[in-house]
1. Taking Val325, is it closer than 25 Å to Pro243 by Cβ and assigned to a strand (DSSP E or B)?
2. Could you pull out the residue among Val729, Val771, Val761 that is over 24 Å from Ala91 (Cβ atoms) and outside any strand (DSSP E or B)?
3. Mind listing whichever residues of the range 673-720 are part of a loop (DSSP other than H, G, I, E, B), surrounded by 17 or more Cβ atoms within 10 Å (Cβ to Cβ) and in contact with an Asp or Glu (Cβ under 8 Å, 6 or more places away or on another chain)?
4. Based on what the data block shows, is Ile548 under 28 Å from Leu485 (Cβ atoms), β-branched (Val, Ile, Thr) and under 27 Å from the mean Cα position of the chain (by Cα)?
5. Applying the selection to the range 590-626, what residues are crowded, with 18+ Cβ neighbours inside 10 Å, outside the structural domain of Ile834 (by TED's automatic domain parsing) and farther than 26 Å from Gly830 by Cβ?
6. Quick check: anything in the range 128-151 farther than 18 Å from Gly773 by Cα, part of a loop (DSSP other than H, G, I, E, B), of a type in the set (A, V, I, L, M) and outside the structural domain of Phe641 (by TED's automatic domain parsing)?
7. Determine whether Asp257 is acidic (Asp, Glu), under 21 Å from Asp412 (Cα atoms) and touching a Leu at 6+ places or on another chain (Cβ under 9 Å).
8. Here are some conditions: (1) surrounded by fewer than 18 Cβ atoms within 10 Å (Cβ to Cβ); (2) of a type in the set (Lys, Arg); (3) out of contact with any Asp or Glu (no Cβ under 6 Å at 6 or more places or on another chain); (4) over 23 Å from Ala401 (Cβ atoms). Lys205 meets all but one. Which one does it not meet?
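The values are calculated or read from the model by the stated rules, or taken from the named source; none is laboratory data. Remember, predicted model here, so these are calculated numbers, not experimental data. Backbone-built Cβ (ideal geometry, glycine too); neighbour counts: all protein chains shown.
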Amino acid sequence: MKFVHINGQDYSWEIDMFLMDFLREELNITSVKNGCKEGACGTCTVIIDGKMARACIQKLSRLEGKKILTIEGFTERERAVFTYAFAVSGAVQCGFCIPGMVISGKCLIDQNPSPTREDVKQSIRTNICRCTGYKKIEDGILLAAKMFLDYSEIPDIIQTGKVGERTCRVDAVPKTLGTAKYTDDYRFEGMLYGKNVFSKYARAKIVKIDIEKALSLPGIVAVYTAKDIPGKRYIGHLAQDWPGMIDIGEETKCCGDTLAMVVANTKEQAIAAVKAVEVEYEELTPICSPEEAAKPDAPQIHGEGFMQFGKFIIPEHNLLDHEEVKRGDAKTALENAKYIAEGTFSLPPTEHAFMEPETAVGVPDGDGILVITGGQGIYDEYHEISNYLGLPMEKVRIQSAVVGGGFGGKEDMSVQHQAALCAYLTKRPVKVFFSRQESIHYHPKRHAMEIYCKIGCDENGILQGMMARLISDTGAYASLGGPVLQRACTHIGGPYNYQNIDVEGNAYYTNNPPGGAFRGFGVTQSCAVVECLMNQLAEQAGISGWEIRYRNGIKPGQCLPNGQIADNGTAMMETLNAVKEEFEYYEAHPDYYVGIASAMKNAGVGVGVPDIGRCNLKIIDGKVHTRSSAGAIGQGVQTVFMQMVCECSGLTPEDIVVEHPDTRYTPDSGTTTASRQTVFAGEAARRAALKLKMDLDKGYTLTNLEGKEYIGEFEFKTDPIGSAKTNPVSHVAYGYATQLFILDKEGKVVKVVAAHDVGRVINPLAAEGQVEGGVAMGLGYALTENFPLKDGIPQVKLGTLGLFKANQVPPIEVHLLEKNNPDIAFGAKGVGEIVCVMGAPACQNAYYKKDGVFRYKYPLENTYYRKSKA
């Protein structure tokens, strides 16, 4: 008998396996997370004989005589100190990386009881966080170290939950301890494991799929192909163009296409069966760019057509979508302009790199199905799984587990429908899971774009007009390609006051991985172009980048390039004033180069699309249960609900229970996208809480109100693109921001200043964390993150994506500016997306000042972070 010593106990083992699998599957120690199984992300970090180690690459056979520690083996004081420190520091967002961070923090503190911030950065430099920007994690570890060193008592966390208070997240404690249940943490009696058989090629005809060898392997329960799908085979939120499985005789459209699903008793058996499915391909030449796709003689990727909004569509020349935003007379304005800046910019696809790979569990539920998921919108999954299985909607139930990040990458279906299918057909619970590499190959990315833009100003730097042409690579499937292109077109005019704009955009299908929603939703791309040209215009006009923005920045009552009149809550100018002093200081300093960029970003879906937020309150056992389907992906919306209820009702956080989304009882509040949930679902929570307050004011107690439910709903109607109105209302609100990125002589980013117009700050702790995390993501987009493809196949792993690490992220100075009408959600505006939008053009501007090279391609080349290939 062989033993391994874990958390003070010896455990026997017979079959050699990786420590992570033993901890999670055999001992149900779920604080150790599976983020990549490549030793690259740090979510599975444990302590072995006093040193940090990756559990995913440690075999049991090499651990004899060694002592292994996870959070489950901490002392009660250690657990209490870390939960307090991480909660009050705001260190927790999606939480998937946090147990690994805690382990790294403890290991550091054990060796160095009084660490510096630089020590902390070095200790967590191999632990990736995609949410926080690391600063608040560092704060949490430093606070924990001080508390251990001082033998501090752990204070009670006393908070009112009111709007504007630095409020700890409702889920901070379980996420810190690793007890929060993500989808992969769920276990069921008799649970099976499902795996996708993916296409070997981006484009190929499937001649034959032979499943007999796979079926003969030990532990294989079933192998399903396209003919086994009982309902509609094609899925997709907007366009139903994405087949759940490719059938024999059909062409694959990307390397993420599924050819079969294997179901086995164990994960290892499922993985082995995937390799045993024999597929005969007729390899075809893939279309790898929009330019190829648009050729008249190009193969039509969706020549068979698809359904969209109830209509059957066959795209011509692989064109998914065409968008136009036109106002005034841009041609004449540009002809008469004193100065012109123009250029064509190349913007890459980007991987979301959320820390939790996709996993879903399907569970038979009578003659229907329950699916436990980690997506961004359970009602989208609800409708699509109903169609996929051919089941009436009352036979389908979707529950959300805790979600380990999303950033838009979990809006589309990935594993959910396949888990539902496998469980429905086998009549047993089935967990379907992606490896990290499968995730990289499958889910939609930020759209690659080529953008030509031309803008002009007069002799004083006052903008006169703009012309832009955008070409977007939507990849193999539509996903959100149309709306993303639309948002890129509506926002390329920028946060400025001028009326002559001529913008056209086309999105084309290719055989690349799909493009979809990604934080910034098209505005990241258009801002990366127009803000560079703004700085070029400023140089021609002989004024600074700050000054040209100040002369043109939108003010209340003025008209944006898209025609919407800026309301009284517009604080674009305030963002500029907040950074003015530091801009002037670094602009004049001989040892630094300061880059500047500004942006606006919508809150809410807008543009005439129905947009409704919902949140209900139900009194159960003397507590107010807050219920909404709004996906909590790390942004903190569940804590917003709690604060809305506390602010309006006078109750305390102890009176509130925030439930996870569940189609059985949480109302449909739409997808977590478009920086909308704080505004829309938050306002719905406020309205429901005001109804509760009326009863409390009448003298009722929560005990008296047992079982009563309060309904909250908020809808804001907007005007569609192309509206005949002189001044259409495209969105409920816009947030504005200005960011500075400062380089030293080496070209290293040494500081970022970020000023954000957020309306009303609901939770300053969370809002700061959103800004810091977005800045880190913007740094990656600007400087290091690339996503090379060869014949439509990604040539990258998680460890080579170029994600910024803790020791690379500079100090970030955050200014949160409050100015808005309080009528909706106390005046809050969404801040989740705009935070990552300005990093690319600001860095481009700073490097131009450093070396005089005006770069047109991202990530920027020949920099401190990315040396020239020459």
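1. Values: closer than 25 Å to Pro243 by Cβ: no; assigned to a strand (DSSP E or B): yes.
Spelling it out, it is not the case that Val325 is closer than 25 Å to Pro243 by Cβ and assigned to a strand (DSSP E or B).
2. Working: Val771 fails: over 24 Å from Ala91 (Cβ atoms); Val761 fails: over 24 Å from Ala91 (Cβ atoms).
Every option except Val729 fails the conditions.
3. So in the range 673-720, the residues part of a loop (DSSP other than H, G, I, E, B) come out as 673-676, 698-708, 716-720.
Add one more test, that the residue is surrounded by 17 or more Cβ atoms within 10 Å (Cβ to Cβ), and what stays is 673-676, 702, 705, 716, 718-719.
If the condition is that a residue be part of a loop (DSSP other than H, G, I, E, B), surrounded by 17 or more Cβ atoms within 10 Å (Cβ to Cβ) and in contact with an Asp or Glu (Cβ under 8 Å, 6 or more places away or on another chain), then Thr673, Ala674, Ser675, Arg676, Leu702, Leu705, Phe716, Thr718 are the ones that fit.
4. Working: under 28 Å from Leu485 (Cβ atoms): yes; β-branched (Val, Ile, Thr): yes; under 27 Å from the mean Cα position of the chain (by Cα): no.
Spelling it out, it is not the case that Ile548 is under 28 Å from Leu485 (Cβ atoms), β-branched (Val, Ile, Thr) and under 27 Å from the mean Cα position of the chain (by Cα).
5. Lys618, Ile619 - these are the residues of the range 590-626 that are crowded, with 18+ Cβ neighbours inside 10 Å, outside the structural domain of Ile834 (by TED's automatic domain parsing) and farther than 26 Å from Gly830 by Cβ.
6. Of all residues in the range 128-151, those farther than 18 Å from Gly773 by Cα come to 142-151.
Cutting the leftovers down to part of a loop (DSSP other than H, G, I, E, B) gives us 151.
So of that shortlist, the ones also of a type in the set (A, V, I, L, M) come out as none.
Scanning the range 128-151, I find no residue that is farther than 18 Å from Gly773 by Cα, part of a loop (DSSP other than H, G, I, E, B), of a type in the set (A, V, I, L, M) and outside the structural domain of Phe641 (by TED's automatic domain parsing), so the answer is no.
7. On the way: acidic (Asp, Glu): yes; under 21 Å from Asp412 (Cα atoms): yes; touching a Leu at 6+ places or on another chain (Cβ under 9 Å): no.
Judged against the criteria, Asp257 is not a match.
8. Condition (3) is where Lys205 drops out.
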